[in-house]
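The next block holds one structure in the form of structure tokens; read it before the comments.
Coordinate-derived values only; no laboratory data. Source: prediction; values computed, not measured. A quick note on method: Cβ atoms are made from the backbone with ideal geometry, for glycine too, and the neighbour counts reach across all protein chains shown.
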């Protein structure tokens, strides 16, 4: 194509160059979205992992005591609901259920404990 002002050729991009540039942009944008989604979802996983660790710590600490009353605890911004129930299928066992919540139910942990009478035998 001749330019009327200068009389020289005007250089323009071909359709193939344009398609390749669009593909490179698409790949870059897709990679950026993958990184963004991983970073934003990691916060939730860290909260669940912290809730899991603290729930198991609370359960282990309370199972060492002989107190078998239902309780509510708060620790590190999480609320823990601890409940005990006799296992009807297995005599001598108590089911301890610990739930960790913040605004959602993050983690539940179940542990079997022996009753005081069975522990002495």
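How long, wide and thick is the chain, going by the Cα atoms along their three principal axes, in whole angstroms, largest first?
Between the extreme Cα coordinates on each principal axis of the chain lie 105, 29, 17 Å.
Hey, rough spin-label estimate for residue 103 and residue 22, points 7 angstrom out along Cα→Cβ, what's it come to in nanometres?
4.1 nm
Once you have the Cα-Cα distance between residue 110 and residue 14, take 0.36 nm times their residue separation minus that, and quote the gain in nm to one decimal.
28.0 nm
What residue among 12, 63, 103 shows peak mean-square fluctuation when the chain is described by a Gaussian network model with Cα springs under 10 Å?
In the Gaussian network model the winner is 12.
Please give, to one decimal in nm, the separation of the simple spin-label points placed at residue 48 and residue 34, each 7 Å out from Cα toward the Cβ.
2.1 nm
Helix 15-64 sits at what angle to the longest principal axis of the chain, using alpha carbons and giving 0 to 90 degrees rounded to 10?
10 degrees
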